[in-house]
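I have placed the structure first, in the form of structure tokens, so that the comments after it can refer back to it.
Bear in mind these aren't lab numbers, they're just calculated from the coordinates by the rules spelled out. Bear in mind the structure is a predicted one, so any value in this text is a computation, not a measurement. Every residue, glycine as well, gets a Cβ built from its backbone with ideal geometry; the counts of neighbours run over all protein chains shown.
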Amino acid sequence: MKDYLLEIALRKAGIIRSRVSEANLEPLRRVVEEYWKPYEPREIEPASYSAVDGSHNRVDFKGYTLYAVMGYGLARINDRVVEAPVGDVDLLLPPGVSERIQLYRETAEAIAAYKVSRSDLLMIDGSLKALLIHPRPLAGELALRSAINKAEERLGEEFFQEYWEGINNGLEGIRGESLVVDPFYSKKIIFSRGLLSSDDRGIIALLEYVEKLMVLRRVLEENIDEDRSRIVYISKTSRTMEYFKKAEIGEKDVVPVISDILLFTYFTEKPGYSKPLIIPLEEVKRLPDTGVLARIIRGFYDEVGIALTFTRIIEGGPVFKLEIPVRIASGGPSMEELESLIRRFMDYMKGLEVNGYPYPLIEVDKASKITRGDMHTIAQSIGLLPQITGREVLEEWF
Amino acid sequence: MVLDKGKLNVLGHIVGETSHSKIRFTSLRPPRVGEYVLVEYPPSSNGDLVLGIVERSNIGNPSLMVEGITPRYVEKAERLNLERNNYMIGQARLLGWVKPLIKDRKLITPNYPPKPGARVYEASPEVLRGIFERSPNEGWIRIGELVNHKGVPVYVNVSSIVSRHLAILAVTGAGKSNTVGVLVDRIVNELDGTVLIVDMHNEYLEIAGPGKTRIVEPKMHPANLSLQEYYNLLRLDPQASKQRMYLRKAYRELFQKGIAQKEPEKFLEKLEELIETYLAKYKGDAKSISDLLNKLSELRERYEGRLLSIDAPTRLEQVIEPGMANIIKLGDVDEEVADVVVSHTLKWLLEERKDYVMSSGGKGYPVPVLVVVEEAHVLIPRNRSTLTKNVAARVAREGRKFGVGLALVSQRPKNIDEDALSQTNNKIILKLVEPNDKRYVQNASETLSEELMDMLSDLNVGEAILLGMMTPIPALVKIDKAKRKTTGSDIMVHLEWRKWREKQGELEAETPDPFDLMN
Ligand SMILES: Nc1ncnc2c1ncn2[C@@H]1O[C@H](COP(=O)(O)OP(=O)(O)OP(=O)(O)O)[C@@H](O)[C@H]1O
Ligand SMILES: [Mg+2]
């Protein structure tokens with residue numbers, strides 16, 4: 001097979017090589033030149049810092065799924081190290097299992113983030129923008145409206161006000177606790193209000209989604225002050241093409257389509273950052289602009305934007321994406337203020353960096369990982385899987 | 001009562017795959033290697049607890065299990081309180097059911113594994129006492145206490161030592177002689193036992209106390225020595241075939257003509273005279289014969305009247321007095337001679353014990369004897385043949401029936417004869433460092449696992465692993481310190497030097513300065 005493909009490659013060598021020379025990288029280089037700002041960060045360890053990550057995993061049985069989700073926060077505050085694990089284990093029935101597990105994990109991460117808030121630098125693994133996307137049952141405008149109407153019908157006009165208060169009380173209650181068996185408020189409501197039929201699926205999706213947005217609101221409120229932000233979402237991989245889109249590409253140009261991360265990785269080597277772009281939170285704008293939900297959720301998120309930038313901390317190190325939530329209500333921070341904020345974050349990260357990446361994120365990634373082995377152990381210990389140790393036997397169960 | 005699980009402290013839980021002989025468990029504290037644990041089993045007729053011994057103890061930290069980890073990485077991890085992530089894992093070997101061990105003193109190994117997740121308890125002192133504490137009335141003597149469970153005494157069974165033999169192995173200075181001291185003192189004083197110690201360096205003192213210790217000067221009657229023994233005393237190796245031939249001729253003649261029997265006190269003299277007559281008779285071999293004569297007269301000069309003596313004991317009880325610690329001092333004789341003395345005595349003992357047992361006590365030596373051979377690698381070496389080695393092999397094989405036990409003591413285990421060493425079912429292994437020594441000992445022991453062997457380098461002075469039938473279960477023991485001064489202690493070099501200097505100083509002070517006199 002290898003010989004066969006090699007033969008083809010050799011015959012096409014000329015064409016392939018010409019493609020490379022045809023590709024016009026100039027427009028991309030120009031974008032990078034325009035936006036990239038070299039900056040050699042200073043090495044400053046923040047007086048307090050925290051990091052959050054999470055994971056999920058599942059075992060599928062005939063007709064149901066056992067899942068486990070875990071959010072994990074870790075903080076060093078005043079020389080003290082604080083751990084904030086938030087987890088859940090339960091069964092789910094189809095449909096929408098994957099999405100719901102993902103959503104639980106995101107909520108668990110948000111709760112964990114809340115528990116380690118108010119440090120000088122809160123680093124959260126992942127993308128804030130992605131967190132705001134509606135779950136599939138609420139994806140269409142109509143579906144969303146209908147779910148909200150149904151919810152208000154079933155649960156009362158003022159329900160979401162109570163919901164908001166319930167979630168707030170819950171968050172305060174678990175702030176210092178290390179083991180919380182039922183971290184999600186939505187589940188309590190779903191059970192206490194008997195929302196168990198397949199007809200209620202839209203309401204359930206709405207409650208779960210809204211819970212995440214509400215917890216997230218509390219996290220952002222805790223960590224964005226009028227004058228400065230202390231929170232940043234960090235992604236090592238991303239398909240964002242906001243900078244790529246700015247490239248001026250002529251009609252006839254043959255230009256590779258690449259993500260922003262690749263763009264900056266290819267065309268730069270030294271430490272630095274891209275001039276930030278302010279991205280509005282489009283997703284939330286599809287929520288109604290009147291009523292309780294509008295007040296509690298849209299009203300808040302309308303005033304928040306994301307300052308998007310790509311950075312590299314050490315020469316030859318990885319480029320990663322930063323999303324810094326900022327208040328944009330009254331015009332928002334100036335470009336200068338934003339850049340000084342980015343530089344401060346970079347200084348901090350340089351103080352925590354190992355191989356160009358903040359160490360606390362490595363640590364929380366490991367600590368929150370739920371492996372297939374963990375799922376076996378959980379399933380076995382609650383009697384869903386027989387206690388057989390021969391691995392071959394286990395394999396038949398999946 | 002002692003097995004009430006409610007009273008035990010939980011140490012952790014079994015994880016991973018188990019077997020009937022090995023488990024791994026998470027632990028609330030780092031388990032100590034050599035410590036005993038109790039493992040929970042589903043109830044059975046043997047109870048619901050199995051005793052295990054910790055063979056390995058690990059502390060892990062996932063944060064630091066990273067490929068290509070750098071100091072900077074560790075430094076950053078340190079800031080987030082590394083220890084938070086430590087996990088402790090112990091590995092234990094399962095030894096046997098606790099209930100029969102205590103109730104019937106029987107070691108019954110489990111033949112099925114415990115369940116993953118089952119509890120692992122700390123072994124309580126009560127349980128361990130129940131297993132280890134034994135009474136002198138039943139032939140047990142105390143040897144020390146458990147290293148990992150202070151205050152739990154450990155006893156060894158002396159019948160098993162005598163009938164199944166013993167090896168005491170360790171690097172120099174680790175406590176072999178002290179162990180011999182403790183064993184011999186208690187065997188003699190608590191059990192009225194009889195011991196013969198082959199002391200290669202004249203190092204043993206009153207090991208069993210003043211009234212119970214005898215120093216035995218090695219003495220053999222010249223007329224009682226075999227031809228082979230003369231070969232060895234004269235260092236006539238098989239290549240010296242002519243010298244051997246004339247010696248053999250003379251030796252046989254003395255017996256055939258009844259001279260040896262009639263005048264045994266003149267045996268050496270007569271032997272020399274007879275060989276001298278060969279000089280004239282066999283002129284062609286004059287060189288060999290005069291060589292032989294030279295050696296013979298050297299031997300007489302050196303040992304006649306002392307080692308080769310006509311007042312040598314004729315009864316074995318004169319050499320090995322029953323109920324005593326008898327020490328044969330061999331520090332002043334050559335190795336070849338020591339070999340002859342020891343093999344001679346051992347053979348004598350074995351024969352007399354055979355007589356005793358065969359005649360149901362009508363004749364022969366009246367009591368079983370434990371023979372302690374110090375520097376066993378000298379007299380019972382690997383790759384070399386000695387007289388003692390041949391006799392020792394017989395003792396090792398037959399001693400059980402006749403009550404002659406061997407205790408081989410050595411700091412070079414790998415130089416001891418393999419057969420002899422593996423015939424010693426019981427082992428007291430103190431600190432051993434050399435990998436070849438350790439491997440050799442492991443090959444010669446049924447029950448020394450890889451993990452326990454690894455520990456041997458880390459033992460402190462006086463700490464030992466006990467294996468074999470003399471102990472209810474393998475044990476890591478701190479041997480008692482001998483009550484009496486067993487051996488001469490190490491020389492304190494700097495004190496000796498200072499003493500000398502001070503003495504010189506005194507002498508100088510006493511000696512009047514000659515110039516003073518002139519004034
Ligand atoms: N169980 C013990 N408790 C306290 N001290 C001990 C113990 N065993 C040995 N020692 C001390 O350690 C030193 C060496 O012990 P010992 O002479 O028994 O070692 P050894 O192995 O016989 O050495 P060698 O190979 O030189 O004969 C002695 O001073 C002895 O008192
Ligand atoms: Mg010694």
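Near B:T70, within a Cβ-to-Cβ distance under 12 Å, what is the net charge of the other residues, with Lys and Arg +1 and Asp and Glu -1?
-1
Sorted by packing (mean other beta-carbon atoms within 10 Å per residue), highest first, where do B:435-444, A:194-203 land? Each step should come with its number before you reach the end.
Working: B:435-444: 17.6, A:194-203: 13.8.
Put in order of decreasing packing, that is B:435-444, A:194-203.
To the nearest whole number, what is the average tally of beta carbon atoms from other chains within 10 Å of the beta carbons of peptide A:35-42?
0
Any idea what % of Cα-Cα pairs in chain A are farther than 38 Å?
Values: 23687 of 79003 pairs.
The proportion of pairs with Cα distances above 38 Å equals 30 percent.
I want to check the label-to-label distance for A:E153 and A:L5. Put each point 7 Å from Cα in the C-beta direction and report it in nm to one decimal.
Here the modelled spin labels are 5.7 nm apart.
Once fully extended, how much extra length lies between B:Q256 and B:R439, figured as 0.36 nm per residue of separation less the alpha-carbon to alpha-carbon distance? Spell out each step's value before the answer.
Values: separation 183, 0.36 × 183 = 65.88 nm, distance 5.18 nm.
Gain on stretching B:Q256 to B:R439: 60.7 nm.
Can you list the HN-Hα couplings for the stretch B:393-408, worked out from phi with the Karplus curve (6.51, -1.76, 1.60; θ = phi - 60°), rounded to whole Hz and with x for Gly and Pro?
4, 5, 4, 4, 7, 9, x, 4, 6, 10, x, 10, x, 10, 10, 8
Check cross-link reach from A:K246 to the lysines: straight Cα distance under 21 Å, and skip same-chain residues fewer than eight apart.
Excluding near neighbours in sequence, the set is A:K37, A:K129, A:K275, A:K321.
Can you count the Lys pairs in the stretch B:5-131 with C-alpha separation below 22 Å, eight or more apart or on different chains?
Lysine pair count for the stretch B:5-131: 12.
Zone of B:N202 (label point 7 Å along Cα→Cβ, backbone N under 18 Å): which residues in the stretch B:343-383?
Hits in the stretch B:343-383 for B:N202 at 18 Å: B:374-375.
Report the dimensions of chain B along its three principal axes from the alpha-carbon atoms, largest first, rounded to Å.
95, 88, 50 Å, listed from the longest principal axis down.
If we sort B:182-191, B:268-277, A:16-25 on the protection proxy, mean other Cβ atoms within 10 Å, highest first, what's the order? Mind dumping the intermediate values first?
On the way: B:182-191: 21.9, B:268-277: 16.7, A:16-25: 10.9.
Result, highest mean Cβ count within 10 Å first: B:182-191, B:268-277, A:16-25.
Which value in deg cm²/dmol, rounded to the nearest 500, describes the helix-derived mean residue ellipticity at 222 nm for the protein assembly as shown, given -39,500 (n - 2.57) per DSSP H run of n ≥ 4 and division by the residue count? Mind dumping the intermediate values first?
Values: 33 runs with 364 residues, N = 917.
Mean residue ellipticity at 222 nm (helix-derived): -12000 deg cm²/dmol.
Give the residues of the stretch B:358-390 whose amide nitrogen is closer than 12 Å to a point set 7 Å from the Cα of B:D237 in the direction of its Cβ.
Within reach of a label on B:D237: B:384-385.
Using only alpha carbon pairs under 8 Å that are at least six residues apart, calculate the relative contact order of chain A and give it in whole percent.
Details: 661 pairs, mean separation 93.0, N = 398.
Relative contact order of chain A: 23 percent.
Calculate, for B:E67 and A:A13, the FRET efficiency according to 1/(1 + (r/R0)^6) with r their C-beta to C-beta distance and R0 45 Å; round to the nearest 0.05. All intermediate terms of the calculation are to be shown ahead of the outcome.
On the way: r = 37 Å, r/R0 = 0.83.
Working from the Cβ atoms, E equals 0.75.
Using a 10 Å cut-off on Cβ atoms, rank the peptides B:408-415, B:300-307 from the highest mean neighbour count down.
Numbers: B:408-415: 22.6, B:300-307: 14.8.
Per-residue mean Cβ counts within 10 Å order the peptides as B:408-415, B:300-307.
Please list, in chain and number order, the residues 5+ apart from B:T194 or on another chain whose amide H is under 5 Å from its amide H, with Hs placed from the backbone.
B:G323, B:L370
If you take every residue apart from B:E451 with its C-beta less than 9 Å away from the C-beta of B:E451, what net charge results, scoring Lys and Arg +1 and Asp and Glu -1? Please report the intermediate quantities before stating the final value.
On the way: positive: B:R56, B:R93; negative: B:E55, B:E450, B:D454.
Net local charge, B:E451 excluded: -1.
Could I have the simple spin-label model distance between B:S45 and B:H494, label points 7 Å from Cα toward Cβ, reported in nm to one decimal?
Here the answer is 6.7 nm between the modelled labels.
If amide H atoms are built 1.01 Å from N in the plane of the peptide, which residues on other chains or at least 5 residues away come under 5 Å of the amide H of B:L408?
The list, which skips near neighbours in sequence, is B:L166, B:A167, B:I168, B:V373.
Can you pull the mean other chain C-beta count within 10 Å for peptide A:146-155?
Working: counts 0, 0, 0, 0, 0, 0, 0, 0, 0, 0.
Going residue by residue through A:146-155 and averaging, the value is 0.
Once the Cα atoms of helix B:241-256 and of chain B are each reduced to a long axis, what angle between those two axes, in degrees from 0 to 90 to the nearest 10, is obtained?
Around 70 degrees separate the two axes.
Return the sequence-ordered ³J(HN,Hα) values of the stretch A:20-34 in whole Hz as given by the Karplus equation 6.51 cos²θ - 1.76 cosθ + 1.60 applied to θ = phi - 60°, using x for Gly and Pro.
Residue by residue, the stretch A:20-34 yields 4, 6, 5, 4, 9, 8, 4, x, 5, 4, 5, 4, 4, 4, 6 Hz.
Determine ³J(HN,Hα), in whole Hz, for all residues of the stretch B:262-273 in sequence, where each value follows from phi through the Karplus function 6.51 cos²θ - 1.76 cosθ + 1.60 and θ = phi - 60°; x replaces Gly and Pro.
Ordered by residue, 3J(HN,Hα) equals 6, 10, x, 5, 9, 4, 5, 4, 5, 4, 5, 4 Hz.
Can you tell me the FRET efficiency between A:R372 and A:S340 if r is taken as the Cβ-Cβ distance and R0 is 30 Å, rounded to the nearest 0.05?
Numbers: r = 45 Å, r/R0 = 1.50.
After rounding, the FRET efficiency stands at 0.10.
What size of dipole, in debye to the nearest 20, comes out for the stretch B:224-303 about its Cα centre when the only charges are +1 on Lys and Arg C-beta atoms and -1 on Asp and Glu C-beta atoms?
Numbers: 16 positive and 13 negative charges, 61 e Å.
Once rounded to the nearest 20, the dipole reads 300 debye.
If the label point is 7 Å along Cα→Cβ of B:V10, which residues in the stretch B:28-64 have backbone nitrogen under 11 Å from it?
The answer is B:28, whose backbone nitrogens lie closer than 11 Å to the label point.
Given a Förster distance of 45 angstrom, what is the FRET efficiency for B:V357 paired with B:K281, based on the Cβ-Cβ distance and rounded to 0.05? Before the final figure, lay out each step's value.
Details: r = 48 Å, r/R0 = 1.06.
With a Förster radius of 45 Å, E is 0.40.
How far apart, in nm, are the 7 Å Cα→Cβ label points at B:R400 and B:L82?
Computed distance between label sites B:R400 and B:L82 equals 5.3 nm.
Whose amide H sits under 5 Å from the amide H of B:D417, counting only residues 5 or more places off or on another chain, with H placed in the peptide plane?
Counting only residues 5 or more places away or on other chains, the set is B:R382.
Express in nm, to one decimal, how much length is gained between B:N58 and B:E272 on full extension, taking 0.36 nm for each residue of separation and deducting their alpha carbon distance. Each step should come with its number before you reach the end.
Values: separation 214, 0.36 × 214 = 77.04 nm, distance 7.12 nm.
Contour length minus the Cα-Cα distance gives 69.9 nm.
What is the mean number of Cβ atoms from other protein chains located within 10 Å of the Cβ atom of each residue in peptide A:362-368, rounded to a whole number? Show your work: numbers first, answer last.
Numbers: counts 6, 10, 1, 0, 5, 5, 0.
Per residue, the average neighbour count from other chains is 4.
Within the set of other residues whose C-beta is less than 15 Å from the C-beta of B:S385, count the net charge using Lys and Arg as +1 and Asp and Glu as -1.
On the way: positive: B:R235, B:R382, B:R384, B:K389, B:R394; negative: B:E229, B:D237, B:E335, B:E336, B:D339, B:D417, B:E418, B:D419.
Taking every other residue near B:S385 into account, the sum is -3.
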